[in-house]
Every structure is written in structure tokens, then in C-alpha cells.
Amino acid sequence: MKNLVVFFFLCTLLSSAHSVRGQGGPAPESVIITSHSGATQVRSGEGGTLLVNVTPEDQRRFIARGLLRYSDLGAKGDGTSDDIDAIAATHAVANQQGLSVKADEGARYYISGKVRIAEIQTNTDFGNAEFIIDDREVADRTQHVFLVSSTLRPFDLEGITSLKRNQKKLDVPFPGPCLVTVTDANVRRYIRYGPNQNDGSPQTDIFIVDKEGNVDPNAPIIWDFDQITEITALPMDEIPLTITGGRFTTLANRAESKYTYYSRGIAIRRSNVLLEGLEHRVTGEGEQGAPYGGFLNFRDCSDVTVRNTVLTGHKTYRTIGSAGVPVSMGTYDISLSRSINVSFEHCSQTNDINDRTYWGIMGSNFCKNLILDHCVFSRFDAHMGVANATVRHSTLGHMGINAIGTGTFLVENSTLNGRTLINLRSDYGSTWEGEFIIRDCVFIPAGGAETSASLIGGSNSGKHNFGYTTYMPERILIENLHIRDANHPENYQGPAIFGNFNPAMTDESYVEQYPHVRPEVVILKNVTTESGKDLRLSDNPYPFRNVEIRKE
């Protein structure tokens, strides 16, 4: 007889006071696998432990075949029987034996709201199978259905007491490439302003090192850490893991509309992953419901690609925010936190990207090098900072681009339907320390609704401490941009380069307690308008009086 206890540890979710919020860590759940003669079967034991027996004959058969199907461990696939135990058991056995998993052709797997996590550590082909995830009665909304995890385990780094921004090397050995996460709980950053105001988050960074401790220059350290309260390294898997196919449908929750986020999807907690050909739809959204924290939920990972995937925006519900006033709750099908080098390629969403009844499909925090390539989404968003981002060959809907961060934001060969070409989030100080490069794009202000167009939006009174100096991009290059601004008010004077960032700052008598650093130069090359009107500086040009506007 052979026994194996496999423990499933689920990482905490995205941490933000708005959409991507903190969750308490769940208790570990276990699977006990035995190999007795008799029958291959799956059952629940004491405390919810999953008890799996695979007969020696079946074990030999599965190993010879090189893969497991969910029906091998008892999944019915009839659309009504609860198959989550069989699905979780299948992956547990596959992980133990190093076997791939393949869903049964044409199956319809019903997944109830019970607490059971299927941990994926081997290549998985969901094929054309359907997965019905019932969120109408959920035992624990913080638990994902699938957890894509690594067999490698994080470890504490000893002997590192401080770090400097753009530091090139850590003078400690590593077992191989690692993701390093560092925190200084004594320093607060991203002190949010507005209806969802909060006291900020501990200073956090994540970066990649090689075996010798060299920091990847494409994902540099962005803060000084004079003190370190926690620093860990997570080894990065170098063998790719591939997950393909699957038709997932969420039967939406009907909970009270408040910030009690649901996390019932696929959590990615492993580096070097390809997800391809997945579809996710949502049905049953009614008059009320709690928001979602991402059907695809990324954290502590790098080098992940999502390709040829169709997702769904969630209905927007309202509640009372932390400032005591009504707010719309962010709700997402994609959430990313502490993730590096994540790309979405040839992806889209099922609902109209300009339908304002649905929230923007994406939210992110503490990420680096995010890419949308050939995507049709309602929004790109970075809450608590992104270091380097790219949107290319894509179309973005009514929420457009909302971001703060550092490095280079590149937008090219894309169509933008937001209220502004790029909106610097005012709740985090409308800050971007770096540059914008916008080329070969079409801007349709407010998706074609009547509006006065502006290119770079945001606001900052200079009176709020966000926990950092706030910047606007030092350099903005706009090349080959066409602005479709034909639908405009009668008094329209032409598109503004900058929105009205501070209406009160009209002369030198206004003093910013926390100065907002303005751009040095804006370079304009071949910017045309459908209205025939020229670009102008801003409705309130005084804050931008020293910005060089260079037309080439």
C-alpha cells in the first residue's frame, strides 16, 4: 500500500482597497491517495479530506496511457451531478504520477459551491468540455476552483536588510531563476484618494533574479528599501505548463452588493504557463450581486501567456464606499497582482466593449511588463502601479486605458474608445514616472458620444499625500494619431492635450503641498482630427505652461 498526502496551499488574492482586495489565507485542504485492490474510487473523509483510492491495475493502466481523464476517477459529466471531487482527485493523482489530464469529449461538468480546489501541476487539456460553476450558493467565496501551482516552494532570504532602487544584484546565491518579493511594512504607498479612500499599502516590490542574484533589468527594483520586514524568493519553473480549451460558465452569485469579492475561477500561481483556447461566460446576473476578483487570477508568477481566449465582463453593481458615498464596484474577469511578463494575445470578451452596464474586464496591482496584443477588451487597468506596459494591435472600449506606474507605456496600432486616450488614475495621484509612446492609433472620444476630447486625463490637487512624489510622463511622443472628434459640443475648441488636472491652479498664488511634477516635452507628429480643429494645450493651461510642445 502506498499513501501520499498532498497539501493544497492557496495564496492570498490581490490586495487593494477597491477592486483587487486582500483576502485571508484559507486553511490547507488535503488529499490522501492510496493504492489498494478493490475499486478505484473517490470519497470525502473527516474534515473534508478527499480520499482517493486507485487500484494497482488502474494505476499501471493510467501510467501506460500517459494521461488521466476525469471519468477515470468517477466524474459523470452529465451537467447535473457534482463532479468537483472527481476533478480534484484526477488532478491530485496526475500530479503524483506526472501524468497529463484530458477532459472527456463533450462532457458537461457541474461544479457546486462546496469547498474543493483542483490543483493543476501537469499539462491539462479541457478540450470542448463544459464546466458549469455554480456560485448561487457558495460555502467559501474566497476559494478558487482550479489552482495552477508549482512543486517548487518559496523560501525566506537571509542576510538582506536593505535594497536600493535599480539595484543590479543581490549578493546571495539562488537555486535558479527566482521571483523575489520584498515588503517594508513601515512605509505606506498608494494612499488612495476619493470615494474608496484608504491608508495605502505596505511598500511592496517583485522582481526576477538569476542563479547568481543578478536582477533582470527589464523588471527593475522600483523602490528604495531602507528596511525590509519580509523578503522571500519563489523558484521559477523552467519547464512550460500548458492548459488548453474548456468552455466555462459561471452561474453568477446573487449576494448582497458590497465588497465581498468572489474568487471562483482559475488561480495562476506558477511561472512559465500557457493558457490557450479557454472561454468563460457569465449567466444569471440579476438586480444585485457581489463583485468578482477575476476568473483568471494571477499572483506571484512570471512569463505567462493567455492566447485565443474569450472572457466576459461582469455587470456593474453599486454600494457605499469607504468615504460614505455611493460607488460603482470594480468587478473583473482578469485580475493580476505581483506578476511579471504576462501577455494576452488574440483575446476578446463576449459582451460589447462599449456597454457601460459592464465593468472593465481587467484590474492589476504591483505588476511589471503587461502586454495586450491583438485584444478586444473594454479596458486596460493598473491600480497600484505597473512598471512598463504595452497595448498593440488592440481595441479598447468604454473604460479605455487607466493606469499609474513607471517606465514606458507603449500604445501602437490600436483603437481607443475611452473618455481620454490615456487616463492617469486620479485616486492614486495621476502619476507616471517615465514616458508615453503613442503611435499609429485612432482615438474615438467616449466611443463616439458627444464630448470635448482630451488626450491625457487625470487630476491632482497637490493637497493629498499619496505616499510618493507624483509625476506625469517626462516625455510624451504622439505619432500618427487620428482623433475622431466629429461629435462634439457647439463650443468645442478642439482636442486638448491635457485634461483639466487642477481647476483651482490658475496662477502662482496656488501652492501645491505635494507638487505634481509636469512633463518636460510633448512631441507631436502627424496628429489629425475629424473635426478639423487643432490640438490645444488644456482647458486650464497654467499648470502646463512650462511644458515644451514640439510639433514635427
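Taken together, the values in this text are just the output of simple stated rules run on the coordinates, not laboratory data. All figures in this text were calculated on a predicted structure; none of them were measured in a lab. Cβ coordinates were reconstructed from backbone atoms using ideal geometry, including for glycine residues, and neighbour counts include every protein chain displayed.
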Note, ³J(HN,Hα) from phi for the range 362-374, Karplus 6.51, -1.76, 1.60, rounded to Hz, x at Gly and Pro: 10, x, 8, 9, 6, 10, 9, 6, 9, 9, 10, 9, 6
Trypsin sites (Lys or Arg not before Pro) within the range 491-543, DSSP loop, no more than 16 other Cβ atoms inside 10 Å: Lys533
Computed E for Lys168/Glu474 - FRET, C-beta separation, R0 35 angstrom, nearest 0.05: 0.95
Trypsin sites (Lys or Arg not before Pro) lying in DSSP loop within the range 198-300, provided at most 14 other Cβ fall within 10 Å: Lys211, Lys258
Among Gly397, Thr90, Ala387 the positive-end extreme of the charge dipole of the chain (Cβ point charges): Thr90
Percentage, to the nearest whole number, of Cα pairs in the range 47-197 over 27 Å apart: 45 percent
Charged-residue dipole, Cβ positions (Lys, Arg, Asp, Glu), the chain about Cα centre, Debye nearest 20: 280 debye
Residues Met236, Met505 arranged by fewest to most Cβ contacts within 10 Å: Met505, Met236
Stokes-Einstein D for the range 155-235, Kirkwood Rh over Cα pairs, 10 °C, 1.306 mPa s (µm²/s): 120 µm²/s
Residues whose placed amide H lies under 5 Å from that of Arg281, excluding near-sequence neighbours: Phe248, Thr249, Thr250
Share antiparallel - DSSP beta bridges, the chain, percent rounded to 5: 20 percent
Gap separating the Cα centres of the range 93-138 and the range 295-313, nearest whole Å: 17 Å
Relative contact order (%) - the range 155-235, alpha-carbon pairs under 8 angstrom, separation at least six: 48 percent
All-pairs Cα distance distribution in the range 260-412, expressed in whole percent, bin size 10 Å: 12, 43, 36, 9, 0
Which listed pairs, of Lys102/Lys258; Lys164/Lys368; Lys114/Lys258, have C-alpha distances above 29 Å, in listed order: Lys102/Lys258
Whole-number percent relative contact order across the chain, with pairs defined as alpha carbons under 8 Å at least 6 apart: 9 percent
Largest-first principal axis extents of the Cα set of the range 404-552 (Å): 40, 34, 27
Net charge of Cβ neighbours under 15 Å - reference Asn308; Lys, Arg +1; Asp, Glu -1: -3
Ordering of 365-377, 153-165 by packing [mean C-beta count within 10 Å, highest first]: 365-377, 153-165
For the chain, the fraction of alpha-carbon pairs in successive 20 Å shells from zero, as %: 21, 52, 23, 4, 0
Farthest positive-ward along the range 155-235 dipole, Cα basis, beta-carbon charges - from Tyr190, Val215, Leu157: Tyr190
Partners for Lys211 among aspartates and glutamates (Cα-Cα distance below 14 Å; same-chain residues under 8 apart left out): Asp171, Asp237, Glu238
Only Lys, Arg (+1) and Asp, Glu (-1) charged, at Cβ; the range 404-552 dipole about Cα centre in debye: 60 debye
Nearby aspartates and glutamates by direct alpha-carbon distance to Lys463 (threshold 12 angstrom, same-chain neighbours under 8 apart not counted): Glu512
